[in-house]
Protein chains: 4
Amino acid sequence: MAGSTYGTVFQITTWGESHGKALGVVIDGCPAGLPLTEEDIQIYLDRRKPGQTSISTPRKESDQVEILSGIFEGKTTGTPLSLMIRNTSQKSSDYSQIASCYRPGHADYPFDAKYGFRDYRGGGRSSGRETAGRVAAGAVALKILSAIGIDICAYTEAIGPVSIDYDRFDKAAILTTPTCMPDAGASARAESYLKECQLAKDSSGGVIACLVTGLPAGIGEPVFEKLDASLAKAMLSIGAVKAFEMGDGTLAAKSRGSENNDAFFMENGAVRKKTNHSGGTLGGMSDGSDLFFKVHVKPTPSIFQPQDTVNRDGENVTIEIKGRHDPVIVPRAVVVVQAMTALTILDLMMLNMNARMEYLERFYRR
Amino acid sequence: MAGSTYGTVFQITTWGESHGKALGVVIDGCPAGLPLTEEDIQIYLDRRKPGQTSISTPRKESDQVEILSGIFEGKTTGTPLSLMIRNTSQKSSDYSQIASCYRPGHADYPFDAKYGFRDYRGGGRSSGRETAGRVAAGAVALKILSAIGIDICAYTEAIGPVSIDYDRFDKAAILTTPTCMPDAGASARAESYLKECQLAKDSSGGVIACLVTGLPAGIGEPVFEKLDASLAKAMLSIGAVKAFEMGDGTLAAKSRGSENNDAFFMENGAVRKKTNHSGGTLGGMSDGSDLFFKVHVKPTPSIFQPQDTVNRDGENVTIEIKGRHDPVIVPRAVVVVQAMTALTILDLMMLNMNARMEYLERFYRR
Amino acid sequence: MAGSTYGTVFQITTWGESHGKALGVVIDGCPAGLPLTEEDIQIYLDRRKPGQTSISTPRKESDQVEILSGIFEGKTTGTPLSLMIRNTSQKSSDYSQIASCYRPGHADYPFDAKYGFRDYRGGGRSSGRETAGRVAAGAVALKILSAIGIDICAYTEAIGPVSIDYDRFDKAAILTTPTCMPDAGASARAESYLKECQLAKDSSGGVIACLVTGLPAGIGEPVFEKLDASLAKAMLSIGAVKAFEMGDGTLAAKSRGSENNDAFFMENGAVRKKTNHSGGTLGGMSDGSDLFFKVHVKPTPSIFQPQDTVNRDGENVTIEIKGRHDPVIVPRAVVVVQAMTALTILDLMMLNMNARMEYLERFYRR
Amino acid sequence: MAGSTYGTVFQITTWGESHGKALGVVIDGCPAGLPLTEEDIQIYLDRRKPGQTSISTPRKESDQVEILSGIFEGKTTGTPLSLMIRNTSQKSSDYSQIASCYRPGHADYPFDAKYGFRDYRGGGRSSGRETAGRVAAGAVALKILSAIGIDICAYTEAIGPVSIDYDRFDKAAILTTPTCMPDAGASARAESYLKECQLAKDSSGGVIACLVTGLPAGIGEPVFEKLDASLAKAMLSIGAVKAFEMGDGTLAAKSRGSENNDAFFMENGAVRKKTNHSGGTLGGMSDGSDLFFKVHVKPTPSIFQPQDTVNRDGENVTIEIKGRHDPVIVPRAVVVVQAMTALTILDLMMLNMNARMEYLERFYRR
């Protein structure tokens, strides 16, 4: 399983399974001189961990991060940061049935097809717990981006049929509602919907939106490493994400050019756009306006209804999943979206420092 | 502009601008022993080139490919294939206005912001002509995939408000309708709509769908190099693509788990799925069913109406674009979607050959 | 400090400083199905650790490896293996002087120049302890290579003026002599020489040789990823290595073609070579004969004589290094050479599985 | 044959065989704004081409470079530079014998073993002509390095038993002697030696040295991407190179620490070294002094004596090589060493721009 490394200059490698001893991430290429504590990382991990609200699983995962290397006198040294989270509360007994059956909507079957067998405890490497390493690394990237004036705000836009009302957008609510919706009213309605899903032994999908402010124009490498293409991959790399929309997204396909083009104008000596249908990219590079994109998340595949499936012996069977599972993936994935966005943008910004001869000459000052 | 290289094992590097001397691609990592002629590549390039129908620009680009290296006695040698297409019909005079103005919906402004200046002739590197190298490389990947039983079928699903009727799906029509729609009736209606757009000096967006059959289960590397994530990046790397949907895509976000999960069953000793809401991936790996995804394309940004914009001197100006431009990008992008899909899948299949100890032992037979 | 990741398919990322909490390595791309225990790894780490003989520092580093992920039911799962070694016996007080001075022959000054400051405790990331992660990963690669019939034998060829006598080559002695020499007599003489160096508050350099048997022809990618070029980088990446010789090495520059060429002949239906001046590579690929190369290691830079240097304040000062330091680096580096050779060869062998169209067709059996 | 791409940020991909239509290189990641003409590149290619002196083959290869993309108004645009050299004087008839036989000292056999067959005309991809692409790319890197005050001087130090006298070092002679020796007297003696080799139907090896001045301290990424390790790989990637020595090289293995350590001192406010045994690197990073390393090159394997070998049918045969071959590889490889050094250093310098948080904050100025 190569594929656990992400980024070219600011490069992370995650490791760990749901029910192994620990999971973590190595960050290589973090610039030296960043003040960094475990608390800086813990606040993001705490937003991902379960057991906090009525709509997330009552599993207790303390998810305490430990920095094992790369810090000296409170600052990053430029050497790899190794971050580890011990697994503490795994109860393997809950997962015994899935050893032999392929759960619908889960990765059990492709894992067996590819590797010959799998660590079936809690989904192993395909568990949502895998994202803990991403969030820990993202916390570091977010701290760096913040220092250069870039803010990344991700939030829940919809759960099932319930969408937020942008006229009631309240950024503070993202951190206080159990749904991570920036609209307390919509959040309450979404909670009701999720209760209904739970009663029906069912689950719900939803939509996460992300807004990036402060990004200069020109970030992203044209052709294959476009900013929007890189974000799309980052987002689809999060388990359960099934669609990505940049700016107007699917709506652009129904538009005419006269509707979709964003007119430029000057404001205080800066190039601005009158609208932002593009979502802040042109030709795969940031265009100086806010980045805006959406991510569509499928419903939790672990539902408590009986489901038809097959087992490893090639027999048709019925599976009834037990255990503790969130009725919706979205709220806990919001911080993962934020983290992956930070990792993607920071890496492209660092690559951008080599784009012009004048930058190189200025840097080496001769 | 690093970012012109794509793939890890089957690796391509494209180069060239719209109005330079030539453009092309180097393919490194192509297995030795594949019979290959220029004609194998030319048939795909011919599907991308303009001037063929009433809905594409009357520009003539002959787009003749020349294989410069990597072939001996009619077969690939394992060394890099260098494919070149000379630019022959560029008329720079058409493009003089854009030297100083930033066209709305185009990459002019970010290019200047990043690099300090740009080759403004015909859009330079951000021109759709850049995709010729991808299509040429894709032709080689498609030939290899075909030899191992994998078929990739891309087609136009919608142009503006006109969608195909899946009950009238006619694969042959993809190559015969000017829209690349597999439904001649819908294609005729789409042509009418495009005529209307052109009369209004406007343009239209649309949707491309892609179906991959014959792919074994287990392709894709979990975590960051997921099959669907890699496809998302491949698709968003195509200029003008604004959204990507895997399987049910955005619909999944509105679904319940009981609707979205695909039940497994056995058929003739093989694991099958009763439905394919997932679009053929689970946990980022192929699940043995058909891959299916959609790509949403924005309308051609070059429209003939006056548009507000700014120039390099920071003045608000009005631009009126001249020249020859397709009223819709979609039909010529269909073969680009097919090519990028082939490049992505082949590379992941080659990486997959290392997934198991038993494969390694069998290969080195000791 | 990007640069902590090595390999393309079998890819490792090391982390950790001499005096941090721990150090370790993540192995991504290890094939699934390899039986693996901590003991498999520990035997190699034990060969690297200090405090074992009169010629190595009396520091005690227990270097116990812990496997944190990637194993299930005793076998690798294909997911990342995370291996950690806790630092247990570091005494920071020994290293206080070097906080402000640049030790001659050490990386102190370039670290400050590059990163602005450094973790000076025990050399931080530039300590020889950094190689523990490489050795742990190498142990896994060695187990895989062994399973496909490839053996890697590294040993000390010379320490200062004392060289082994190839007529007395005794492979078993590599593991029993304190010098890792395959010649007990030479080893005894080398020990005497090292005693003499120690009395003179000085240190010695030496030479490590490495022999690889069982490697099939064709391993290595021509041009930039040549087998010998990759080995050269692997070896020079080990701290203190100053020269690399493939086969006859420097002698080849003094030879004539008639002396240096290795004649081919047939033996039992196989292509063989009458001599092996090339050291087992031609055109950057293995030629089916044994690989043979040498690595030249500089003397331990930490010597106990007073040395002229400068401090961080830009003053000329005299430094007298205290503490516990090996009088020669070579013996403990032997297992590092073996590990880096294994990692390099295995990665190239895995890439080689994609070289031919017929391999691809055979693998996907259609 | 993946392995034709070199570098991470300043990234090149070479292609082409000895007797194909053309060969060339794509440079991706070249900063925008560099003035560049074909003449800038041609002067380096002219130093590599044969037929110029009595000690090089009388083959005529005009090696005219054509820039196909990436330049606008005389400057690089930041998009890929595609450089092509048409093959013009190849006479395939000279090479018919080697189609079936494996030439000793050549890559014929490993190519067949790896790929199943090979382009045998003139050595195909393993021909020395492959380096033309490297030299063309190196010319661009050299121009950039020159603009930031870095000079790379490569020269012939020895041919067979004839070495230069450093007391007579004359830099200008490198470009005027047929041997590229910076010592006209030694060059004359080397020419005599080569004549003698030719009369004996034999060939000679030799040594190339390289000196880099003006490099700031801190270049190179510790651990696996060390500056010296990267240079070692770059050098061994040049066909026929069999050994690499950094600074004192093999001599370091025979030295004591007190001899090998370079003492630091202050000079005009800068950190300097009293000696340079290290060759300008410490801990894999530049230490602010000159880089110095040596490369040992084997004798031309194409000699005109009868040689024992085998053919593709597995028969023992005798081969007598015909045609035109240099009696020594060294002089024409000098510019290749210079080019590969430039490519390696520039790429590491560009990566270095991301090493510190303060660089990032200064670059994005907020």
If I histogram all Cα-Cα distances within the range B:156-262 using bins 10 Å wide from 0, what percent of pairs lands in each bin? 12, 32, 36, 16, 4
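Nearest 500 deg cm²/dmol is fine: what mean residue ellipticity at 222 nm does chain B get from its DSSP H runs of n ≥ 4 alone, each adding -39,500 (n - 2.57), divided by its residue count?
After summing the helix terms and dividing by residue count, I get -8000 deg cm²/dmol.
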Keeping all protein chains in the complex and leaving out DNA, RNA and ligands, what accessible area do you get for D:Cys153 with a 1.4 Å probe, in Å² to the nearest 10? 10
Measuring label to label, 7 Å along Cα→Cβ, what does A:Gly214 give against each other copy in nm, shortest first? 3.8, 5.1, 5.6
What is the Rg over Rh value, at two decimals, for chain C, using alpha-carbon atoms and the Kirkwood definition of Rh? 0.98
Strictly greater than 25 Å: what percent of every Cα pair in the range A:193-335 meets that? 46
When only the heavy atoms of the protein chains count and the probe is 1.4 Å, how do A:Arg125, A:Arg362, D:Arg365, B:Arg272 rank by accessible area, highest first? D:Arg365, A:Arg362, B:Arg272, A:Arg125
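Rank B:Ile43, A:Ile144 by accessible area, highest first, at a 1.4 Å probe radius?
So, going from the largest accessible area down, we get B:Ile43, A:Ile144.
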Shape of the range A:242-281 from its Cα gyration tensor (a ≥ b ≥ c, root eigenvalues): rounded if a/c is under 1.5, otherwise prolate when a/b > b/c, or oblate? oblate
Roughly how large is the D-C contact in terms of buried accessible area, totalled over both chains, probe 1.4 Å, nearest 100 Å²? 8000
Compute the label zone of B:Asn311 within the range B:96-120: residues whose backbone N is under 20 Å from the point 7 Å along Cα-to-Cβ. B:96-113, B:116-120
Most fluctuating residue given options C:Gly257, C:Gly33, C:Gly214, as computed from a GNM of chain C linking Cα atoms under 10 Å: C:Gly257
Residues of the range D:145-175 losing 50 Å² or more of accessible area relative to the isolated chain, 1.4 Å probe, heavy atoms only? D:Ile148
Per GNM of chain D with C-alpha springs under 10 angstrom, the most fluctuating residue out of D:Ala113, D:Ala173, D:Ala333 is D:Ala113
In degrees between 0 and 90, to the nearest 10, how far off the longest principal axis of chain D does helix D:330-352 point, with axes built from Cα atoms? 30
Modelled label-to-label distance, C:Cys153 and D:Ala270, 7 Å Cα→beta-carbon offset: nm? 5.0
Rounded, prolate or oblate: which one fits the range D:274-321, using the alpha carbon gyration tensor with axes a ≥ b ≥ c (rounded when a/c is under 1.5, else prolate when a/b beats b/c, else oblate)? prolate
Can you give me the P(r) profile for the range B:123-170? Cα pairs, bins 10 angstrom wide beginning at 0, each as a whole percent. 20, 29, 37, 15, 0
Just check the range B:67-200 against the gyration tensor rule for me: Cα atoms, a ≥ b ≥ c as the square roots of the eigenvalues, rounded for a/c under 1.5, and otherwise prolate or oblate depending on whether a/b exceeds b/c. oblate
Of D:Thr344, D:Thr131, D:Thr275, the most mobile residue in a GNM of chain D (C-alpha springs, cutoff 10 Å) is D:Thr275
Inter-part gap, Cα centre of the range D:321-363 to Cα centre of the range B:144-187, in whole angstrom, is 49
Amide H neighbours of D:Ile159 under 5 Å, counting only residues 5+ apart in sequence or on other chains, H built in-plane at 1.01 Å? D:Val207
Would you mind giving the average projected area, over all directions, of the Cα convex hull of the range A:214-283 in nm² with one decimal? 5.8
Quick one: grab Rg to one decimal and Dmax as a whole number for the protein assembly as shown, Cα atoms only, in Å. 31.2, 95
For the rotation that brings chain C onto chain A, whose beta-carbon in chain C is nearest the axis, and what is that distance in whole angstrom? C:Thr13, 2
First measure r as the distance between the Cβ atoms of B:Glu320 and B:Glu196, then evaluate 1/(1 + (r/R0)^6) with R0 = 22 Å and state the FRET efficiency to the nearest 0.05. 0.60
Cα to Cα, under 18 Å, and not fewer than 8 places away if on the same chain: which aspartates and glutamates meet these conditions relative to A:Lys21? A:Glu61, A:Asp63, A:Glu66, A:Asp94, A:Asp119, A:Glu130, C:Asp28, C:Glu38, C:Glu39, C:Glu66, C:Glu73
Measuring from a point 7 Å out along Cα→Cβ, what nm distances, shortest first, does D:Lys195 have to its partners in the other copies? 5.8, 8.5, 10.3
Selected from D:Val135, D:Ser187, D:Val162, residue furthest toward positive end of dipole (the range D:103-201; charges at beta carbon): D:Val135
Hey, for A:Thr318 with labels 7 Å out along Cα-Cβ, what do the inter-copy distances come to in nm, ordered shortest first? 7.1, 8.5, 9.0
Kindly report the accessible area of the range D:114-201 per residue (heavy atoms of protein chains, probe 1.4 Å, no ligands, DNA or RNA), in Å². 35
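The values are calculated or read from the model by the stated rules, or taken from the named source; none is laboratory data. On a predicted model such as this, the values are computed, not experimentally measured, just so you know. Heads up, the Cβs are rebuilt from the backbone with ideal geometry, glycines too, and the neighbour counts pull from every protein chain shown. Ligands, DNA and RNA are excluded from the accessible area calculation, which covers all protein heavy atoms including side chains. Shrake-Rupley method; radii C 1.70, N 1.55, O 1.52, S 1.80 Å.
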